[in-house]
1. Can you list the strands (runs of 3 or more DSSP E) lying wholly within segment 202-269 that have 1 or more residues being at pLDDT below 95 and of a type in the set (Phe, Trp, Tyr)?
2. Spot the failing condition for GLU297; the list is (1) out of contact with any Cys (no Cβ under 8 Å at 6 or more places or on another chain); (2) surrounded by fewer than 19 Cβ atoms within 10 Å (Cβ to Cβ), and only one is missed.
3. Within the bounds of segment 70-89, is there any residue that is in contact (Cβ under 8 Å) with a residue 60 or more places away in the chain and either outside the structural domain of ASP120 (by TED's automatic domain parsing) or polar (S, T, N, Q) (or both)?
4. Please pick out the residue among GLY80, GLY35 that is within 30 Å of GLU150 (Cβ to Cβ) and out of contact with any Ser or Thr (no Cβ under 8 Å at 6 or more places or on another chain).
5. Report whether or not LEU144 is surrounded by 16 or more Cβ atoms within 10 Å (Cβ to Cβ), touching a Pro at 6+ places or on another chain (Cβ under 6 Å), of a type in the set (A, V, I, L, M, F, W, C) and not assigned by TED's automatic domain parsing to the domain that holds GLY226.
6. So VAL164 ticks every box in (1) in contact with a helix residue (DSSP H, G or I) (Cβ under 7 Å, 6 or more places away or on another chain); (2) assigned to a helix (DSSP H, G or I); (3) under 17 Å from LEU20 (Cβ atoms) but one. Which box is left unticked?
7. Please work out which one of (1) in a helix (DSSP H, G or I); (2) of a type in the set (Gly, Ala, Ser); (3) under 22 Å from SER26 (Cβ atoms); (4) over 18 Å from the mean Cα position of the chain (by Cα) is the condition SER341 fails and give its number.
8. What residue, among those in segment 266-276 that are surrounded by fewer than 19 Cβ atoms within 10 Å (Cβ to Cβ) and touching a helix residue (DSSP H, G or I) at 6+ places or on another chain (Cβ under 9 Å), is nearest to THR74 (Cα to Cα)?
Amino acid sequence: MDIDDIKKYLKDYDGPEVALMEVCGSHTAAIARDGIKAMLSPRIKLIAGPGCPVCVTPSSYIDRLIELAETPDTWVVTFGDMIRIPGSACSLGESRSQGAKVTMVYSPADIIRLAKKHPDIMHVFAAVGFETTAPAYALLMDRLIAEDIENVRLLTALKTMPPVIDWLCANGAEIDGFIAPGHVSVITGSEVFRPLAEKYSMPFAVAGFEGEEILTAIYGLVKSIGRGEVMNYYPQVVTAEGNQAAKEKLARYFRPYDAVWRGMGAIPGSGIILKDEYAGFDAGSAGLSADNKYNSECMCGTILTGRAEPEDCPLFAGKVCTPQTPQGACMVSFEGSCYQSYITGVVR
C-alpha cells in the first residue's frame, strides 16, 4: 500500500474509535510539526504519553539539584532544558540567579573538561534520560574511572520505557495501541515490547520521525487493533535485538530501580541507578520523594498519562503557563505536549 492510499484510509476511517499513544517526545514534536492529527479521521485519536525525559522529571529531583547547587564548592552541570523545570519552590535557573552554581553543557563529556580545569570543585551532572541517552553516562563512567577523576558525581533520573507502559495499561489507560519510540528502540530493540503486546493484546509499532513514517505506523496499528503484535517500521536503524554493546555497557554500571515519575510517583523497575560498587559516583539519586508540585493546579501528571489534554489545564487555558513562564515540565521542553500544543495554537 503506497502512502497516498494510507493517507486516504486514515482520513476516511469510519470504524470503531481508536486511541493511540506515542511514547516519544520526538514523535510528539514531529506529529505537531507535520500536522498529522489533521490528516486523521476524527475516530483516530493520538495521545502524547510520558515520552519526554524533561517532562517526566519530578520536582523532587529538581529540588535535589538545587540543594547541591547551593552547597559550597559544588557545581551542578546540566543541559539547558533542565534549568527551567519547576521544582517544588523554584527552578534551577531561578536558584542560579540567587547565587547557586549551575553550568550548562551540551554533552556529558564536557564535565571531564570542567572537572580537570577546576579540581577543587565537585561537579554534579544532572543525568536525565531514557534508554537512548543512558549509554552516554556509561561511557562517562568509563572515562571517570580510566582517568581517575574524583570530583565528578552523577545525580541520575534515568528511566526505562517498558515498565511505564506496563504501568499505564495496568492502571486503566484507555489506549488501543502504541507508537513505540524510535530512538529508544535503537538501543532496546523492537522485541522489548513483545511481552507487553502479548500481555495486553495490543499492537506496538516502532516508527521513524518523518511524517510518512509516522502515518505508516498509525495505519499498521489501526489495522492491528486487538492483536498483540510488534511491527517495526523503522528497520533501517532498529533491529529486533537492539544494540547489544550498549546494553552490556549499561549493565556494567547500572541496575534496575523504582524511579519516580512526575505525576505518577514511583513505578517499580522503571529506571536505572548506579550499582552499589559505583555508589561513590552517585550524588544522592536514591530515595527521591513522590512529586511535589510547583503549582497545585498544574495537570502535567494527568496529561502525561493521557487522561487530559493540555487545553484542559486551567493554567494553559488561562495563559499562566507559557514557554516563557512554565508552571509544569510539559511546557519546558520542545518535546513536551503542552509546549507543542501552545506553539501550534499560536501559529494556528
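The values are calculated or read from the model by the stated rules, or taken from the named source; none is laboratory data. Predicted, not measured: the structure shown is a model, and the values here were computed from it. As a convention, Cβ positions derive from the backbone with ideal geometry for all residues, glycine included, and neighbour counts pool all protein chains shown.
1. 254-261
2. Result: GLU297 fails condition (1) only.
3. yes
4. GLY80
5. no
6. Of everything listed in (1) in contact with a helix residue (DSSP H, G or I) (Cβ under 7 Å, 6 or more places away or on another chain); (2) assigned to a helix (DSSP H, G or I); (3) under 17 Å from LEU20 (Cβ atoms), VAL164 misses just condition (1).
7. Among (1) in a helix (DSSP H, G or I); (2) of a type in the set (Gly, Ala, Ser); (3) under 22 Å from SER26 (Cβ atoms); (4) over 18 Å from the mean Cα position of the chain (by Cα), SER341 violates only (4).
8. Within segment 266-276, the match that is nearest to THR74 (Cα to Cα) is LYS275.
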